[in-house]
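These notes are about the structure you will find just below.
The values are calculated or read from the model by the stated rules, or taken from the named source; none is laboratory data. As the structure is a computational prediction, the values presented were derived from the model and not from experiment. Don't worry about glycine lacking a Cβ; one is built from the backbone with ideal geometry, like all the others, and counts go over all protein chains shown. Remember, those area values only see protein heavy atoms, side chains included, never the ligands or the DNA or RNA. Shrake-Rupley method; radii C 1.70, N 1.55, O 1.52, S 1.80 Å.
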Amino acid sequence: MDLSAINPVLFIAGFFVAATPLIFAAIGELVVEKTGVLNLGVEGMMITGAICGFAVAVETESPLLGFAAAALGGALLSTLFAFLTQVMLANQVASGLALTLFGLGFSALLGQSYAGMKPPRLEDVDFGPLGDIPVIGPVFFSHDIIVYLGLGIVIAVWAVLKFSRAGLILRAVGENHDAAHALGFKVKRVRALAIMFGGACAGVGGAYISLIRVPQWTEGMTAGIGWIALALVVFASWRAFRVLLGAYLFGGLVQLQLNLQGAGVAIPVEYLAMSPYVITIVVLVFLSRSRSAAPGSLGRIFHASS
Amino acid sequence: MTFTKRAAAKLLLGTALAATMGTTAFADGHEKTKVGFVYVGSVNDGGWTTSHDKARLAMQEHFGDKVETVFVENVAEGPDSERVMTQMALDGADLIFTTSFGYMDPTNNVAAKFPDVKFEHATGYKRLHDNVSTYSARFYEGRAIQGHIAGKMTKSNIVGYIGSYPIPEVIRGINSAFIHARKVNPDVQFKIIWAYTWFDAAKEADAAKVLIEQGADVVLQHTDSTAPQAAAQEAGNVTTFGQASDMEQYAPYPRVSSIIDEWAPYYIARTQAVMDGTWEQIDTWDGIGAGMVGIGEITEAVPADVKAEAEAMKAAIADGSYHPFTGPLNKQDGTVFLAEGEVADDGALAGMNFYVEGLDAELPQ
Amino acid sequence: MIALVKRPEPSRVFSLAAPLLAVLATMVFGGLLFAVLGKDPIEAIATIFWEPLFGEFAFFYRPQLLIKGAPLVLIAIGLSLGFKAGIWNIGAEGQYIMGALFGAGAGLAFYPLESAFIFPLMVLAGAFGGWVWAMIPAVLKVKFGTNEILVSLMLVYVAEQFLASMSLGLLRNPEGMGFPGSRNLQQYSSAHNADLIAGSGMHWGVVVALIAVIFAYVLLARHRLGFAIRVTGEAPRAAAFSGINPARLVLFCLGMSGLLAGLAGMFEVSGPAGQVTIDFNVGYGFTAIIVAFLGRLHPVGILLAGLLMALTYIGGDIAQSKMGLPAAAIQVFQGMLLFFLLALDLFTNYRLQFKRAEAV
């Protein structure tokens, strides 16, 4: 065992890369759930984003266009969910699961000719002298633009939810859709837009895996990260900044586990791997003391019966 | 028609159905030899299943019109695989390759019901019926060559190793690589991370990055995706080796060589045997010599003398004059594994569940 | 302007016609997909839907439908009870795994003893395993008001890690040459859940699934508890007034669905699968959620929906092997089927009304 082998600076810097896909997927889902919709199709939207982003990045040799395409792909797939749940009033749990099933198959079909390819590389942002500061430089100023975009989106979502009228409407729709409807808000339109936002975010998160974290395309490569993102939203008790915290914790636990193994510590990998989920449950129990954590209409179907 | 009434009665469906079987299942007259493949992953996985599917295509090419091949991908181990195998046998397959360890019991179950269909199970050890053969490759031979190159190439004296599951096959590879790295570099040390998956690009990428961050400048992998290659390329000065397939898109550097699963010669030979009526049950465990383990081209990133040594070792292993597990070798706890000059027998290799002396790691329990 | 108007009563015509229309629509769009992939669409559709039921080897595929469908139906029946009452257990996959681990563990503890008591004991252990795993979200919900959707989902991943740990550790076959995975229960006759009639596909799991269908039907139609479930789902406030104890209902519904999922896992591991392995679970717990909704939470509907799902799996594998369709295309095809079924279900409870535009 040699714990000195773990380089704390790189270890912490690694958090950002591991957490970014989670941050995107979870912040998108957070907005969706804030409007009272539970979309279990995150995994399907992520993997669709992963292939759309990869394919476009390879074809255009522009990683940024790839990310744009990933957002579009994720949003397009999520409109299917919006159509099913908002127009056809289908059950959200079943529709979300179906979306994941469909997304996994659809991405595999799209990706058949992209296996084994290398995507163009996205350069890290050049912060000039900031990047040369010891410790702080490599930890905070050595990443690609998407990492910072992820942080930006979290801040934006927080600000919109807290301060803007749009945020107020969003929350009103999620807390009590009948009351929101009575006040004249377009419940379905708000929800549909939120779902598409969630899809776009999940798509970018997926593309971060295929374009940067791995980077390559393989079928089913999101490997359950979408499900962790779902857990993360709950863990964060539907608050934007706690998503960040949770994503670093979840991502950090993975990094920690690998680092400990590398340092020769014989750890029971399975038990460490289940710990994020157990922690989430514990957090849930604590949260439920304050009853108001979850949006009031979460998962319920809305139909204006007037 | 070799399908006797008695054999038919062994079918799961009893005698009433046996009549159907006798008249339909093999009534196509066998213009072509039909060969089925059951895959655990997708043919696009770029690793294990891709290597089998490449071999299928090579075999198809070799025989042309004389052979028809069919395959089903993403078949879960368990009852699904049993159903797919049965379906292939019913549809007139003469030979079925089942290419995952977890298909072991299903293969033997189905083989019992179709005594006239030949079954070939990869990486297993059960041959309960005359029509079941098993085949596997001595990947540890390739690992010895990797270990040699790794020991010579590393400057930090830290070699990273991504393992899938702590099972004998993988442990054998780690030992083989370590023994040969130590031989040429007494200061070398291995860092081992178990990914607990055979194929998960994101996890493998993370593991490779952590190994690199912890100072490894050579990363060996016993998982099948190219993600570690990509991570090494990103890092810049890290050496890797292709696994399962050549992964030539990462040559000449970071990928300096590879262990390739070469199933095609075996598939061609076994299909030929079915055509000739000479197919018999065998237990194949072939290595470099028989061409089942391929060593991908050693690139110019490896110094010429090291390359020459590696190629000499490859030749010695191929002609049988050198065995990667040759004594004196001790186990990690210091007890004797092999005495001076002694060569490990296949039984000891097959059940290997310990590290050799010098490895500074603990096997997960 | 088209508006949706809720029907006073669900339409009987549409509850039958919607699934048929959905299958038809899937055939059309799925056919298009197959055509784009360069395969004969008619042949592909026929291979998926016709071949397993009436093709040359239907004698083999029909029993396979039971084997593939039984766990789906068994789990979905349990889930539907909770879903009807607005109690969302989406962690059946985890309960299925725990049932299998408990069941197989109970059996393997006695190896190699042969006794008639072993199998019944395994059934009890499997049911208990699934029940216990479902009681975690149930008790947390009753005690703390925790959201059962998320707790049960989290527990799936915990169960998967247990499964890996058990396959590599405690339950590993000591004669298995070091490979992960338990002994094969098919080769341990006291613990083997064999076909009751050889080759029929009718193992105990199928029998129990059928019993569960009848049980659920009677419960919902005749029993007071069934009434409580329906009222709670349809009008929670009315239920509270009529003296229904919501906590007991949560415990019953989650417990029951866990128990049935555990049984499904136990019957699978001791029968068709035979072994505890790292990849033992293949998603029945999640697919069963879809099955429950496809069957409109009605016991008979679930039975049919389970068989339909099983059909697409089996037919899909045949189409792969015979026509070289990629597995991904089959997955997309299944996804389409679900989308159409979910979408068209609307018309069971709503009808379209054409009227003049007005402010909505």
Notebook entry, point to check: What shape does region B:198-278 have by the C-alpha gyration tensor, where a ≥ b ≥ c are the square roots of the eigenvalues, rounded means a/c under 1.5, and otherwise prolate means a/b greater than b/c and oblate the rest?
Noted result: prolate
Next item on the list: For every helix of n ≥ 4 consecutive DSSP H residues, a contribution of -39,500 (n - 2.57) applies; sum these over the protein assembly as shown, divide by its total residues, and give [θ] at 222 nm rounded to the nearest 500 deg cm²/dmol.
Entry: -19000 deg cm²/dmol
Next item on the list: Work out the mean other chain Cβ neighbour count within 10 Å for the residues of A:182-189 and drop it here as an integer.
Entry: 0
Check: Where in region A:27-57 does the label zone of A:Arg189 land, with the point 7 angstrom along Cα→C-beta and an amide N cut-off under 14 Å?
Finding: none
Next item on the list: State, in square angstrom and to the nearest 100, the accessible area buried between chains C and A, both chains counted, probe radius 1.4 Å.
Entry: 3900
Next item on the list: Select from A:Ile47, A:Ile133, A:Ile209 the residue whose mean-square fluctuation is largest in a Gaussian network model of chain A (Cα-Cα springs shorter than 10 Å).
Entry: A:Ile133
Next item on the list: For region A:3-287, calculate the relative contact order in percent as a whole number, restricting contacts to Cα pairs under 8 Å that are 6 or more residues apart.
Entry: 37
Next item on the list: Work out the FRET efficiency for B:Asp346 and C:Glu114 from their Cβ-Cβ distance, taking R0 = 25 Å, and round it to the nearest 0.05.
Entry: 0.15
Check: How big is region B:141-235 in terms of Cα radius of gyration and Dmax, in angstroms?
Finding: 12.1, 33
Notebook entry, point to check: Computed over the Cα atoms of region B:92-251, what is the ratio Rg over Rh, Rh following Kirkwood?
Noted result: 1.09
Notebook entry, point to check: Taking the convex hull of the alpha carbon atoms in the protein assembly as shown, what volume per residue do you get, in Å³?
Noted result: 174
Next item on the list: Select from region C:52-98 all residues whose loss of accessible area on going from the chain by itself to the full protein assembly reaches 50 Å² or more (probe 1.4 Å).
Entry: C:Phe57, C:Phe59, C:Phe60
Item checked: Fluctuation leader among A:Gln255, A:Gln112, A:Gln86 - chain A, Gaussian network, Cα springs under 10 angstrom -> A:Gln112
Check: Pick from C:Tyr350, C:Tyr61, C:Tyr188: which is most flexible by mean-square fluctuation in a GNM of chain C where alpha carbon atoms under 10 Å apart are linked?
Finding: C:Tyr350
Next item on the list: Order C:Lys68, A:Lys162, most accessible first, counting only protein heavy atoms with a 1.4 angstrom probe.
Entry: A:Lys162, C:Lys68
Checklist line | Cα-projected label distance for A:Thr79 with C:Ala247, points at 7 Å along beta-carbon direction, nm | finding: 4.9
Next item on the list: Please get the size of the charge dipole for the protein assembly as shown, origin at its Cα centre, with Cβ charges of +1 on Lys and Arg and -1 on Asp and Glu, quoted in debye to the nearest 20.
Entry: 5240
Margin query: Just to confirm, what accessible area per residue do you get for chain B at 1.4 Å probe, in whole Å²?
Written below: 34
Next item on the list: Take every residue in peptide C:280-291, count the Cβ atoms of other chains within 10 Å of its Cβ, and give the average of those counts.
Entry: 3
Checklist line | Compactness of chain B - radius of gyration and Dmax, Cα, Å | finding: 22.0, 71
Notebook entry, point to check: Put a dot 7 Å past each Cα toward the Cβ at B:Asn157 and A:Ser275; how far apart are the dots in nm?
Noted result: 3.2
Notebook entry, point to check: How high is the relative contact order of region C:115-221, given as a whole-number percent (alpha carbon pairs under 8 Å, six or more residues apart)?
Noted result: 17
Next item on the list: Divide, for region C:1-122, the radius of gyration over alpha carbons by 2.2 N^0.38 Å, where N is the residue count.
Entry: 1.60
Item checked: Accessible area buried, both sides summed, chains A and B with 1.4 Å probe, Å² -> 2600
Check: Using a basic spin-label model with each label point 7 Å from the Cα along Cα→Cβ, how many nm lie between B:Tyr322 and B:Gln249?
Finding: 3.3
Next item on the list: Could you pull the accessible area for B:Thr197 with a 1.4 Å probe, rounded to 10 Å²?
Entry: 20
Next item on the list: Taking amide H positions as placed in the peptide plane 1.01 Å from N, state which residues far from B:Ser136 in sequence (5 or more) or on other chains have amide H under 5 Å from it.
Entry: B:Thr123, B:Thr284, B:Trp285, B:Asp286
Check: How high is the FRET efficiency from A:Ala266 to C:Val207, r the C-beta distance, R0 45 Å, rounded to 0.05?
Finding: 0.50
Next item on the list: Quote the accessible area belonging to B:Asp130 in square angstrom, nearest 10, computed with a 1.4 Å probe and with ligands, DNA and RNA left uncounted.
Entry: 130
Margin query: Give me a comma-separated list of calculated 3J(HN,Hα) values for region A:196-211, in order, Karplus coefficients 6.51, -1.76, 1.60 applied at θ = phi - 60°, integers in Hz, x for any Gly or Pro.
Written below: 5, 4, x, x, 4, 4, 4, x, 5, x, x, 5, 4, 6, 7, 9
Check: In percent, how large is the relative contact order of chain C, given Cα pairs closer than 8 Å and 6 or more residues apart?
Finding: 36
Next item on the list: Compute the Rg/Rh shape ratio of region C:40-324: radius of gyration over Kirkwood radius, all on alpha-carbon atoms.
Entry: 1.00
Item checked: Accessible-area composition of chain C, carbon plus sulfur, in percent [1.4 Å probe] -> 68
Checklist line | Calculated FRET efficiency for the pair C:Phe354/C:Glu9, C-beta based, R₀ 22 Å, to 0.05 | finding: 0.55
Check: Under 17 Å from a point 7 Å along the Cα-to-Cβ line of B:Trp285: which residues of region B:128-156 have their amide N that close?
Finding: B:128, B:133-144
Notebook entry, point to check: In terms of modelled amide H atoms, which long-range or inter-chain residues lie less than 5 Å from the amide H of B:Val70?
Noted result: B:Val35, B:Gly36, B:Phe37
Check: Rounded to the nearest whole Å³, what is the per residue volume of the convex hull around the Cα atoms of region B:36-95?
Finding: 71
Notebook entry, point to check: Ignoring ligands and nucleic acids, what accessible area does B:Met275 show with a 1.4 Å probe (Å², nearest 10)?
Noted result: 60
Item checked: Where region C:40-324 is the region considered: accessible area per residue in Å², 1.4 Å probe -> 36
Next item on the list: Would you tell me the mean number of C-beta atoms belonging to other protein chains that fall within 10 Å of each C-beta in C:314-325, as a whole number?
Entry: 5
Check: What are the principal axis extents of the Cα atoms in region A:3-287, in Å, biggest first?
Finding: 61, 47, 41
Check: By average Cβ neighbour count within 10 Å, what is the ranking of A:275-286, A:197-208 from highest down?
Finding: A:197-208, A:275-286
Check: About its Cα centre, how strong a charge dipole does region C:114-242 have in debye, to the nearest 20, once Lys and Arg get +1 and Asp and Glu get -1 at the Cβ?
Finding: 560
